[in-house]
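To start, the structure itself, in structure tokens.
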């Protein structure tokens, strides 16, 4: 399906785009997405290293999360600029409103990919071999909303691959806990991005793109609760395999309590601003899990 072309006016792109446009392109003022990509990688780094990740690896994966999230949103905006013009929340993005040309975005993208390649130079061969999959998933994800009912699953694959790379970077091998963290991150992304997609349900339905918020409709609360329950089960199993102490499970119990409150709220009507706030709260969840993993290794 070809994306519909908006007939609305757009501002012509300048031959010399502003830094403000580039900052808006990578969502510089809102790094929630970077944190949600970074935190599962940090879970894997801390768990795989038994609570003692090396400083260089921490720096590489923190910087790498910012770089790859920027790569992802540039690819997303290039793919979706015709859709974005028709959605209230996204119509002011630089590519959608025409203040930035696709060629500028592509050049910016290439710059980030060079930085990503430079970071790989400091990692072991297994991590380097696995890394192109991350770029492939980031490239495929924006197009899945055209044909797949729950494109959030592919977002989870893209974000979850960071756990695989982080584990490989520490141990130079992939253990069962690696795949549990990978699957856990997929479930987490399905949960929080379904909540995020509640902001755009009417626009998405009108434009003709898919989202899990549309798929689950009035049963969103059941779907989100199920994803979160499976996520916690996978995390608990990974902790058991890696011999984490009881403190880790106390942290998971706290997360379960928070999730139950959020799921209960989703039973009713949720405004776009409330949906966005609920989405942002998942950063706190990720930090609690990270702290629990670290304390659980002591």
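The values are calculated or read from the model by the stated rules, or taken from the named source; none is laboratory data. This is a predicted model, so every value here is computed, not measured. Please note: Cβ atoms are built from the backbone with ideal geometry, for glycine as well, and neighbour counts cover all protein chains shown.
Taking interchain pairs and intrachain pairs at least six residues apart, which have beta carbon atoms under 6 angstrom, with the first residue in segment 97-109 and at positive phi and the second assigned to a helix (DSSP H, G or I) and surrounded by fewer than 19 Cβ atoms within 10 Å (Cβ to Cβ)?
Final answer for the pair search is none.
So that you can scan it fast, the table gives a plain yes or no per residue for (1) more than 30 Å from residue 217 (Cβ to Cβ); (2) at pLDDT 95 or above; (3) in contact with a helix residue (DSSP H, G or I) (Cβ under 8 Å, 6 or more places away or on another chain); (4) assigned to a helix (DSSP H, G or I):
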{"residue": "237", "(1), (2), (3), (4)": "yes, yes, yes, yes"}
{"residue": "250", "(1), (2), (3), (4)": "yes, yes, yes, yes"}
{"residue": "255", "(1), (2), (3), (4)": "no, yes, yes, yes"}
{"residue": "259", "(1), (2), (3), (4)": "no, yes, yes, yes"}
{"residue": "264", "(1), (2), (3), (4)": "no, yes, yes, yes"}
{"residue": "269", "(1), (2), (3), (4)": "no, no, no, no"}
{"residue": "279", "(1), (2), (3), (4)": "no, yes, yes, yes"}
{"residue": "287", "(1), (2), (3), (4)": "yes, yes, yes, yes"}
{"residue": "292", "(1), (2), (3), (4)": "yes, yes, yes, yes"}
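Could we say that residue 296 is surrounded by 16 or more Cβ atoms within 10 Å (Cβ to Cβ) and modelled with pLDDT of 95 or more here?
yes
Does at least one position in segment 38-58 carry a residue that is under 14 Å from residue 26 (Cα atoms), touching a helix residue (DSSP H, G or I) at 6+ places or on another chain (Cβ under 6 Å) and touching a residue at least 12 places away in the same chain (Cβ under 8 Å)?
No: segment 38-58 contains no residue that is under 14 Å from residue 26 (Cα atoms), touching a helix residue (DSSP H, G or I) at 6+ places or on another chain (Cβ under 6 Å) and touching a residue at least 12 places away in the same chain (Cβ under 8 Å).
Could you please let me know if residue 273 is assigned to a helix (DSSP H, G or I) and at positive phi?
Criteria not met by residue 273.
If we only count helices (runs of 4 or more DSSP H) wholly inside segment 73-189, which ones have 3 or more residues that are out of contact with any helix residue (DSSP H, G or I) (no Cβ under 6 Å at 6 or more places or on another chain) and surrounded by fewer than 21 Cβ atoms within 10 Å (Cβ to Cβ)?
Per the criteria, 102-120, 125-144.
Look at residue 227 and say whether it is at pLDDT 95 or above, over 18 Å from residue 48 (Cα atoms) and surrounded by 19 or more Cβ atoms within 10 Å (Cβ to Cβ).
Against the criterion (at pLDDT 95 or above, over 18 Å from residue 48 (Cα atoms) and surrounded by 19 or more Cβ atoms within 10 Å (Cβ to Cβ)), residue 227 qualifies.
Could you go through segment 130-140 and let me know if any residue there is closer than 29 Å to residue 241 by Cα and without any contact (Cβ under 8 Å) to a residue 12 or more places away in the chain.
Looking through segment 130-140, at least one residue is closer than 29 Å to residue 241 by Cα and without any contact (Cβ under 8 Å) to a residue 12 or more places away in the chain.
May I ask you to verify whether residue 46 is within 26 Å of residue 184 (Cβ to Cβ), under 20 Å from the mean Cα position of the chain (by Cα), at pLDDT 95 or above and assigned to a helix (DSSP H, G or I)?
On the way: within 26 Å of residue 184 (Cβ to Cβ): yes; under 20 Å from the mean Cα position of the chain (by Cα): yes; at pLDDT 95 or above: yes; assigned to a helix (DSSP H, G or I): yes.
Taking the combined requirement at face value, the residue satisfies it.
Out of the residues in segment 190-213 meeting the condition of being touching a helix residue (DSSP H, G or I) at 6+ places or on another chain (Cβ under 7 Å) and not in a helix (DSSP H, G or I), tell me which one is surrounded by the fewest Cβ atoms within 10 Å (Cβ to Cβ).
Here the answer is 209.
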